[in-house]
């Protein structure tokens, strides 16, 4: 590791994401216009400041190794992958809007942010988005959230020879995502334990057809989204552990609104089309209408710019 870090400030904005979109388990994802804004500076010692979502919950203040915080840990992993020696310290400031443990990709956003911050602070240009995606998927464990976070829009991700890969598509502009977010939280690891080791062949065929239809419906023919978002692979198995989520999905779909569990839940994603009527959230939930983030992760400060990360506020 003979490359050295450059001094300066790096600042990125990373979007929330909704994975699976019904039938596309561990493969499909959508970037949402709800962002975390993060700024990093190489310094002495590891220090993290957090405002907004996660404040008072995630590790912050003076840290021992930096690996206690997911963004810093991801930065260090990226430095390793790029062949850059670890710095003696990082000063990280986070202005968070993405709810934690709600199925909206907060951990993927942290991982992508850390990788891009490290890339901005490292010399050279050899670590492209393909390499960033592969590393992010390794750190997260699957590519369905990190792909739309990095690339924006509607993504199809898979893992093949050499690691994770993805393609990006533009969703139909007439589709407006609305997220229903509960006060309760969930854990992806717990949601995955509810899944069986095998599923009936007819259910696999059912989902394969729906995934193919969903790609068409979300990009060209939103009228078919209700049928295209049907799923038999994961949502029915997770429903007993998230009864409020399952009830809301059923209620929305009964109103002919394409609704699915967002990621591992417990949030719900509704793909609102022109003419769809709004459905009020139940008690203990909030609803928020968003746009699709077409850009994905964005660099907010030119590479190696000088400045104070604490003085930098959230994006306007």
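Read the figures in this text as sums done on the coordinates, not as results from a lab. This structure is a prediction, so every number in the text was calculated from the model and none was measured. A quick note on method: Cβ atoms are made from the backbone with ideal geometry, for glycine too, and the neighbour counts reach across all protein chains shown.
Computed per residue of the chain from DSSP H runs no shorter than four, each worth -39500 (n - 2.57), the mean residue ellipticity at 222 nm is -8500 deg cm²/dmol. For the residues 119, 288, 102, a GNM of the chain with alpha-carbon springs under 10 Å puts the largest fluctuation on 288.
Between residue 85 and residue 291, the C-beta separation translates, for a Förster distance of 41 Å, into a calculated FRET efficiency of about 0.50.
Working ranking of peptides 224-230, 289-295, 246-252, 11-17 by packing, defined as the average number of other Cβ atoms within 10 Å per residue, highest first, is 11-17, 224-230, 246-252, 289-295.
Based on the alpha-carbon gyration tensor of segment 176-289 and its eigenvalue square roots a ≥ b ≥ c, which shape applies: rounded if a/c is under 1.5, prolate if not and a/b is larger than b/c, or oblate? In terms of gyration-tensor shape, oblate. Taking only Cα atoms and a 10 Å spring cutoff, compute GNM fluctuations for the chain and point out the largest among 274, 97, 244. Taking springs between Cα atoms under 10 Å, the residue moving most is 274. Judged by the mean number of other Cβ atoms found within 10 Å, the most tightly packed of the peptides 107-115, 210-218, 59-67 leads the ranking 107-115, 210-218, 59-67.
Each part reduced to its alpha carbon centroid, segment 155-212 and segment 92-147 end up 18 Å apart. Just checking the listed ones, 186, 24, 124: in the Gaussian network model of the chain with Cα springs under 10 Å, the one fluctuating most is 124. Taking the C-alpha atoms only, the angle from helix 70-82 to the longest principal axis of the chain is near 70 degrees. Two numbers describe the Cα atoms of segment 75-152: Rg and Dmax, which are 12.5, 37 Å. Spin-label pair residue 298-residue 194: with each label point 7 Å from Cα along the Cα-Cβ axis, the two points sit 3.5 nm from one another. As a proxy for reagent exposure, ranking 68, 120, 88 by other Cβ atoms within 10 Å from fewest up yields 88, 68, 120. Of the residues 125, 130, the one with the fewest other Cβ atoms within 10 Å heads the list, and the complete ranking is 125, 130. Across the chain, counting alpha-carbon atoms alone, Rg and Dmax equal 19.5, 60 Å.
In terms of surrounding Cβ atoms within a 10 Å radius of their Cβ, 272, 299 rank from fewest to most as 299, 272.
The share of alpha-carbon pairs in segment 213-280 lying farther apart than 21 Å comes to 21%.
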